[in-house]
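Written below as structure tokens is the structure these notes are about.
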Amino acid sequence: MVIAHGSNGIDSRGQAHALDLNRAGIATLEIDMWGARNLAGGSEGRPTAAWETLPDIFGAFAVLAAHPGVDARRIGIVGFSWGGVMSLLSAGRNSHDLYLDAGQQFAAHAAFYPACWIYNNVPGYEFRDLTGASILVLVGELDRYDDPGESGPELIAHLDPADRAHIQTVVYPGAEHGFNMFEAPYTYRDPMLHRGQGGEGRSAPHPEAREAARQTLVQFFEKALAVEMDSP
């Protein structure tokens, strides 16, 4: 399992979900997209566009696929915010054709609060012609990157039926961006907030949503990866 952090870098989210997945028998690899680039993180200390870090995601896939203890047919990805964007962008056939050998692909994708408004609205964030792998999107009702309560449903509504069939969304009432973290709430400014209008954002833990999402994530990957294992 590839784990992709958010704009602030590696934090409690990756550690918590890695522990859950490990307990379920799923190996994990969390990558540091900022350290290799000597970036500080945050909205002003990250690459200009999320798709610039797609090579990191597929590089991690290659590392896992080459590991003797990993079944290359059952490699998934989960990401948070920036990493969630990576998870969704890596679900397209174009990305796989560009970075992976024929016959290789991620078996399942999970994305926490991946700024759902941006896909197929901003160049470079195309989310269509998907590989057919299972996709789980988990968002908070009060996430300021999107309109309240509309992020998950809006993402699916504009997809072709063939792609839509592989995606499930979960919206957590009362939850904000970063709801699965353990750190204290904080505010920040980001040009991608409020559907690209910019402004002040807020990330805050939501214990009920966090614990529910932890269970949902494990159940999703157990089912998705087991199906892949049983496929010829």
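The values are calculated or read from the model by the stated rules, or taken from the named source; none is laboratory data. Model, not experiment: these values are computed from the prediction. Here the Cβ is made from the backbone with ideal geometry for all residues, glycine too, and neighbour counts use every protein chain on show.
Do we have any residue at all in the range 113-126 that's closer than 14 Å to LEU89 by Cβ and assigned to a strand (DSSP E or B)?
Looking through the range 113-126, none of the residues is closer than 14 Å to LEU89 by Cβ and assigned to a strand (DSSP E or B).
Have a look at GLU208, GLU228 and point out the one that is over 18 Å from the mean Cα position of the chain (by Cα) and modelled with pLDDT of 95 or more.
Exactly one of GLU208, GLU228 is over 18 Å from the mean Cα position of the chain (by Cα) and modelled with pLDDT of 95 or more, namely GLU208.
What residue, of THR28, THR48, is loosely packed, with under 14 Cβ neighbours inside 10 Å and free of Cβ contacts under 8 Å to residues at least 40 places away in the same chain?
Exactly one of THR28, THR48 is loosely packed, with under 14 Cβ neighbours inside 10 Å and free of Cβ contacts under 8 Å to residues at least 40 places away in the same chain, namely THR48.
If PRO55 meets every condition in (1) closer than 22 Å to ARG189 by Cβ; (2) touching a residue at least 12 places away in the same chain (Cβ under 8 Å); (3) surrounded by fewer than 18 Cβ atoms within 10 Å (Cβ to Cβ); (4) of a type outside the set (S, T, N, Q) apart from one, which number is that one?
Against the list (1) closer than 22 Å to ARG189 by Cβ; (2) touching a residue at least 12 places away in the same chain (Cβ under 8 Å); (3) surrounded by fewer than 18 Cβ atoms within 10 Å (Cβ to Cβ); (4) of a type outside the set (S, T, N, Q), PRO55 comes up short only on (1).
Restricting attention to the range 192-205, does a residue exist that is loosely packed, with under 12 Cβ neighbours inside 10 Å and in contact (Cβ under 8 Å) with a residue 12 or more places away in the chain? It would help to see each step written out before you state the result.
Taking the range 192-205 first, the residues loosely packed, with under 12 Cβ neighbours inside 10 Å are 197, 199-200.
From what's left, in contact (Cβ under 8 Å) with a residue 12 or more places away in the chain: 199-200.
Among the residues of the range 192-205, at least one is loosely packed, with under 12 Cβ neighbours inside 10 Å and in contact (Cβ under 8 Å) with a residue 12 or more places away in the chain, which makes the answer yes.
To keep it simple, each residue is scored yes or no on (1) in contact with a helix residue (DSSP H, G or I) (Cβ under 7 Å, 6 or more places away or on another chain); (2) loosely packed, with under 15 Cβ neighbours inside 10 Å; (3) under 25 Å from ARG128 (Cβ atoms); (4) not small (Gly, Ala, Ser).
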| site | (1), (2), (3), (4) |
| --- | --- |
| ARG144 | yes, no, no, yes |
| GLY152 | yes, no, yes, no |
| HIS158 | no, yes, yes, yes |
| PRO161 | no, yes, yes, yes |
| ALA165 | no, yes, yes, no |
| GLU176 | no, no, no, yes |
| PHE182 | yes, yes, no, yes |
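Report, by residue number, each residue of the range 65-91 that is hydrophobic (A, V, I, L, M, F, W, C) and surrounded by 21 or more Cβ atoms within 10 Å (Cβ to Cβ).
ILE75, ILE77, VAL78, PHE80, TRP82, VAL85, MET86, LEU88, LEU89, ALA91
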